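Notes for the one structure printed next.
What follows is calculated from the coordinates using simple rules that are stated; it is not laboratory data. Just so it is clear, the structure is predicted and the values come from calculations on it, not from any experiment. Note: ideal-geometry Cβ built from the backbone for every residue, glycine included; neighbour counts use all protein chains shown.
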Amino acid sequence: TTTAATLVVGTLFYLASPYLIGIFSSDPEVIKYGVIRAGAMFTVYFLLGFMDISSGIIRGLGNSIYPAISTLAGTCGIRVLWTKFVFPHIGTMNAVLIVYPLSWTLVAVCNIVVLTIMCRKLIRKNSTNTISLPCKVR
């Protein structure tokens, strides 16, 4: 439901972005670039939900260090490296904006891999299934 809600709200914000940006500036150039940014952010904002939810589940399973490190490395580290090494060769606004969904996806994938490993270990540890596990892995 988080993904669906974020997709709907993000799409609505994107569609309304020219009007919302117009509240702050009537300059057509500002609105143009604001709409580009809104399109790059709001249409893929649901990816942030995957990153945050997977981090939260891992923390709930008792490991708070891994999500902190993966989020810091993925959101800050990747963006700094991208800005330093990739952006100078492309030099467009879209080249700056693409790093946001890229970093969210990278962190989410890493977290889901770690979460899968954690769940498998829990299942092996509790192979008698006498307790209710917080996740199911086939």
Near-label residues of region 94-128 by backbone N, under 18 Å of a point 7 Å along Cα→Cβ of Val80: 99-100, 103-104, 107
With only helices counted (DSSP H, runs n ≥ 4, each -39500 (n - 2.57)), the per-residue ellipticity at 222 nm for the chain, to the nearest 500, works out to -22000 deg cm²/dmol
In whole Å, what are the Cα extents of the chain along the three principal axes, biggest one first? 65, 34, 22
Based on the Cβ-Cβ distance from Val9 to Ile123, what FRET efficiency comes out when R0 is 35 Å, to the nearest 0.05? 0.50
Considering only DSSP states other than H, G, I, E and B, which chymotrypsin sites (Phe, Trp or Tyr not before Pro) in region 1-98 qualify as loop sites with at most 12 other Cβ atoms within 10 Å? Phe24
Over region 28-92, what number does the Rg to Rh ratio reach, with both radii from the alpha-carbon atoms and Rh per Kirkwood? 1.12
Value of Rg to Rh for region 54-107 (Rh from inverse mean 1/r over Cα pairs, i.e. Kirkwood): 1.12
